[in-house]
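Read-outs throughout are calculated quantities, based only on the coordinates presented, and are distinct from any laboratory measurement. Just so it is clear, the structure is predicted and the values come from calculations on it, not from any experiment. Cβ atoms come from the backbone with ideal geometry, glycine included; neighbour counts cover every protein chain shown.
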């Protein structure tokens, strides 16, 4: 069942002054790259490999929050294997999601502050943003380990907004594709917006419900424009 929401409820959403995005699978398609690096790590640590569905189900927390549970006392060894594998391939796999570049450009032209809060390692995040030529569009890029805690903590959200002239709260939308993004929005007091083509899975957002589910980047920028630009100017 799709829980997608239409522009008819646009009035129920507060117009944003800043929009913070998750990175992986919100703005870029990362699943195959993450799966490949993860399976290199699992093989090296004598674990069974993951198929794509299992990868999607299990990859949400940052590495420093998930690897200790997965690999126990050898988690730092596994981290080093993962980072080596990921570093070798991530720029080759890098692929913006359809309409993402145009969406970000459109939002920037509306005068909004844009940022990224990701559980991808900060160095890799910044390399990928630069590779796509998107760095000029963002106020700040905060990746895993850049702040003292990672998503869903509100700390990286506050770090991303530092100096932007707007504080975490109802004037800030937090946009992502997963429950951890919605949880981060709730924890930081921002407006939780789900951006992805997939329908919700049963129970997926029971705890942290999105205020809106937008299926495509084109629809997203249209919705924001409708909220910000008076009808008389359209």
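A few notes on this one:
- Scaled against the 2.2 N^0.38 Å expected of a compact globular protein of N residues, the Cα radius of gyration of the stretch 31-93 reads 1.01.
- Acute angle (nearest 10 degrees) that the helix 31-44 long axis makes with the longest principal axis of the chain, alpha-carbon atoms: 20 degrees
- Alpha-carbon centroids, the stretch 108-129 and the stretch 49-95: separation in whole Å: 20 Å
- Mean Cβ neighbour count within 10 Å, used as a protection proxy, ranking 183-193, 216-226 highest first: 183-193, 216-226
- Relative to the longest principal axis of the Cα atoms of the chain, the long axis of helix 179-188 makes an angle of roughly 60 degrees.
- Using C-alpha pairs under 8 Å with a sequence gap of at least 6, the mean separation divided by the residue count of the chain gives a relative contact order of 27 percent.
- Which of 79, 84 has the fewest Cβ neighbours within 10 Å, and the rest in rising order: 84, 79
- Equivalent ellipsoid, the stretch 177-234 (semi-axes from 5 times Cα gyration tensor eigenvalues, Å): 25, 14, 8
- Helix 122-132 and the long axis of the chain differ in direction by around 60°, with both axes built from C-alpha atoms.
- Read-out Rg and Dmax of the Cα atoms in Å, derived from the coordinates shown; its label in [x] 17.6, 63; [y] 16.7, 52; [z] 17.9, 53: [x]
- DSSP beta bridge pairing in the chain, given as percent antiparallel to the nearest 5: 5 percent
- Stretchable slack from residue 108 to residue 52, in nm (0.36 nm times residue separation minus alpha-carbon distance): 16.8 nm
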